[in-house]
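Enquirer: Before I ask anything, here is the structure I am working with.
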Amino acid sequence: MIVLGIDPGINGGFAVYDSAERELRWAQAIPTHETSEGKCVDVARFWEDIRDSASWAKMVFVEKVNGRLPRGPGGKVFGSAGPALFNFGYAVGQIHMTLANFGFSPVLLEPQEWQAGLRVPVGKRGSVICADRLFPGKKQLWRGPKGGLHHDIAEAALIAKYGAESRWAEEYQRQQRELRPTTPAATGSS
């Protein structure tokens, strides 16, 4: 079964995983562009990037994000946290709407769940270490041309793998088997 995994946000990533082959097909950054308001998701490019995989993907797993404002002493909200949180939420909304246009209702995964399930070491670097271990032939996908690490792309790959091998994927496949016709022609008996 082919699934998509998404680490949402302006600096997010998405990945395609084939559970039958136990193979990461590809992973990349969520496309963005600069506007007068700053960096934002390039919805048209994201649409193009995801269009091909949408025709054969069965499920989408997206990391569930929290929307709490970071607070300092006395509960005061840090200076630019409000606008930054709004921009992040806006980007997540654009990603979800693109998925909805393809008919996907993504499964939201808590970060603690998929990280514990794959034994991801603590920290952003931990996601890259785990992705390197699970997908040794794909390390270049979450490394920049100068060797910089793109933990969001690595996390998308991990989310896709975890989702494809999760109880939700098993339940989906069970439901698909139950929906198959039980006529003699379909079962091969006469």
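The values are calculated or read from the model by the stated rules, or taken from the named source; none is laboratory data. Bear in mind that the values here come from a model prediction, so they are computed numbers and not experimental data. Please note: Cβ atoms are built from the backbone with ideal geometry, for glycine as well, and neighbour counts cover all protein chains shown.
Enquirer: Can you name the residue in the stretch 15-61 that is among the hydroxyl-bearing types (Ser, Thr, Tyr) and more than 20 Å from VAL107 (Cα to Cα) and, of all such residues, is surrounded by the most Cβ atoms within 10 Å (Cβ to Cβ)?
Expert: My answer is THR32.
Enquirer: Given the conditions (1) in a helix (DSSP H, G or I); (2) within 24 Å of ASN66 (Cβ to Cβ), and given that GLN140 satisfies all but one, which numbered condition is not satisfied?
Expert: Looking at each condition in turn, GLN140 falls short on (2).
Enquirer: Restricting the stretch 81-112 to residues that are polar (S, T, N, Q) and part of a helix (DSSP H, G or I), which is nearest to GLY126 (Cα to Cα)?
Expert: GLN112
Enquirer: Can you find a residue that is at pLDDT below 90, more than 24 Å from HIS151 (Cα to Cα) and polar (S, T, N, Q) anywhere in the stretch 56-72?
Expert: No - not one qualifying residue is present in the stretch 56-72.
Enquirer: Moving on. Report, by residue number, each residue of the stretch 98-151 that is aliphatic (A, V, I, L, M) and either loosely packed, with under 12 Cβ neighbours inside 10 Å or under 17 Å from VAL3 (Cβ atoms) (or both).
Expert: LEU99, ALA100, VAL107, LEU108, LEU109, ALA116, LEU118, VAL122, ALA131, LEU134, LEU141
Enquirer: Consider only pairs whose beta carbons are under 8 Å apart and that are at least six residues apart or on different chains; among these, list those whose first residue lies in the stretch 41-57 and is part of a helix (DSSP H, G or I) and whose second residue is of a type in the set (Val, Ile, Thr).
Expert: VAL43/THR98; PHE46/ILE30; PHE46/ILE95; PHE46/THR98; TRP47/THR98; ILE50/THR98; SER53/ILE2; SER53/VAL16
Enquirer: Checking TYR17 against (1) modelled with pLDDT of 80 or more; (2) more than 15 Å from the chain's Cα centre (by Cα); (3) closer than 28 Å to TYR172 by Cα, only one condition comes out false. Which one?
Expert: (2)
Enquirer: Still on this structure, I have one more. So, in the stretch 12-36, exactly how many residues are closer than 19 Å to GLN94 by Cα, touching a residue at least 40 places away in the same chain (Cβ under 8 Å) and in a loop (DSSP other than H, G, I, E, B)?
Expert: 2
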